[in-house]
1. Using the Cα gyration tensor of chain B, with a ≥ b ≥ c the square roots of its eigenvalues, what is the shape: rounded (a/c below 1.5), prolate (a/b larger than b/c) or oblate (neither)?
2. Once both axes come from the Cα atoms, what is the angle between helix B:89-107 and the longest principal axis of chain B, in degrees from 0 to 90, rounded to 10?
3. Starting from the exponent 0.38 and prefactor 2.2 Å, build the expected Rg for the range A:51-161 from its residue count and divide its actual Cα Rg by it.
4. Skip the ligands, DNA and RNA, and give the accessible area per residue of the range B:124-211 with a 1.4 Å probe, whole Å².
5. Between B:ALA110 and A:LYS65, what FRET efficiency follows from the Cβ-Cβ distance if R0 is 41 Å, with the result rounded to 0.05?
6. Using only protein heavy atoms and a 1.4 angstrom probe, determine the accessible area buried between A and B, summed over both sides, in Å² to the nearest 100.
7. Tell me, what is a quarter of the convex hull surface for the C-alpha atoms of the range A:1-66, in nm² with one decimal?
8. When all C-alpha to C-alpha distances in the protein assembly as shown are sorted into bins of 10 Å, what percent of pairs does each bin hold, rounded to whole numbers?
Amino acid sequence: MKKEGPILIGFLTGSIVITSYFLKSTGLKSISDTVVRWRLIIAAFALALGALNMVRLHGKNIHHKGRNWQYSVVFLVFFLPYLAIGLIRGSNSAQYQYVWKSLYQPASATMYSMTLFYMTNAVWRAFRIRNLHAGILMFTGAAVMLGQIGIGTAISPLIPRFSSWLLDTVNTAGIRAITIGGSLGIVSLGLRVILGLERSYMSDGGN
Amino acid sequence: MTTDVRIWLMALMTLGLYSYLFRENPFFRFCEHAYTGLSLAHLVVMGWTNVKTMALTRLANGEWATVIPIVLGVLLFARWFPKAAWLSRYPIAYLVGTASGVTITGVIEAGIIAQVRAAMKPVTNISSLVTLLFTVAALSVFFFIVGNKPEGQVGSVQIAAWRVVSASSYLGRLVLMVTFGAVFGSTVMARLGLFIPRLELLFRDWIHLIR
């Protein structure tokens, strides 16, 4: 029951979804849709579990005046009222949207844009031409970037055309090969999970 | 400088997070924890919306089978009790099994069939021929591990096959380098597209330095 039960559940749910994809049966499709919909309900409970764990963790930190406990207060001060607004008034309410647009959206965009600086740092390291491969990497990266900004056209009108040729032809071939290779890997890993050969997801649920 | 409270909040959040580029500091950590709190609250609200529309409403309409995912969801909390922790494996197995099924079907459709179909279109010009050849070359990097040249009593066909695959694999590595460079360039430009609006917020909307 502790091991075989969960493996059976994983096998059944995965098999239903895959079988309904290959067999065009309306009844099976309906069962599969229900199985997939139930997943979203369970996932919501998983989110609630994660949120409660975070509240417990930060609550303990504040209670014991642990390391950087002030930031735990900040977390709870932003988490609890926003959660309350969302649960009571709904995510379309004016108050919820105000916080969403004033704090969450700018923070999210800022976090993503910050990677630009780390990427610039990576350019410094990766674009040193040590061999042919590194040279091609640098040349292509520079051509694509120049092709998308005005200065590229100012240098030569050929640069944007070459850039789009690279993206449409060579890049398409490379991305296609990576996608096919990665997809085969994902399929094999998924099958291993469904068949119960991959059980690492059960490693932290008691003995 | 603007008097709009919302612009001030946006600007302070942006500045606080960017301050990490200098070094880790209390202003950054404040904004980081605020952002984490807001993100988590938003996720829970979205989860609750799912539970409401997909479970509670259906239960109210007499779909008693919806009790099953609710019970499975509650079993996740068994992780807090060491003796009953193994019960949480059931909902996790459900999530992992379904996710595997959904991913496999999605990947077969979009990642394999659609890509192979697109690669096998009729060759109408030089670019489409180049794309086809380069796709085969790049695939040979993944699917043919080219070892050392065959030695001993091997036929000339084997040697020729080794040479073809070896050359294709080498060309494939060059194609992949071009791809990585192109992906890198595109990603940098996309991130720049996110950075410029941040600068506009700070210098145009907040302190009115630029128009």
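1. Numbers: a/c = 2.39, a/b = 1.33, b/c = 1.80.
Oblate, because a/c is 1.5 or more while a/b does not exceed b/c.
2. The angle comes out at about 50 degrees.
3. Numbers: Rg = 23.3 Å, N = 111, 2.2 N^0.38 = 13.2 Å.
With N residues counted in the range A:51-161, Rg over 2.2 N^0.38 Å equals 1.77.
4. Here the per-residue accessible area is 61 Å².
5. Working: r = 51 Å, r/R0 = 1.26.
With a Förster radius of 41 Å, E is 0.20.
6. On the way: alone 16730 and 16880 Å², together 23230 Å².
Rounded to the nearest hundred, the buried surface is 10400 Å².
7. 6.4 nm²
8. Once binned at 10 Å, the Cα pair distances of the protein assembly as shown give 4, 14, 19, 23, 23, 12, 3, 1, 0.
The values are calculated or read from the model by the stated rules, or taken from the named source; none is laboratory data. None of these values were measured; they are calculated from a predicted model. Every residue, glycine among them, receives a Cβ derived from its backbone with ideal geometry; neighbour counts consider all protein chains shown. The area values use the complete protein model at the heavy-atom level, side chains included, leaving out ligands, DNA and RNA. Shrake-Rupley method; radii C 1.70, N 1.55, O 1.52, S 1.80 Å.
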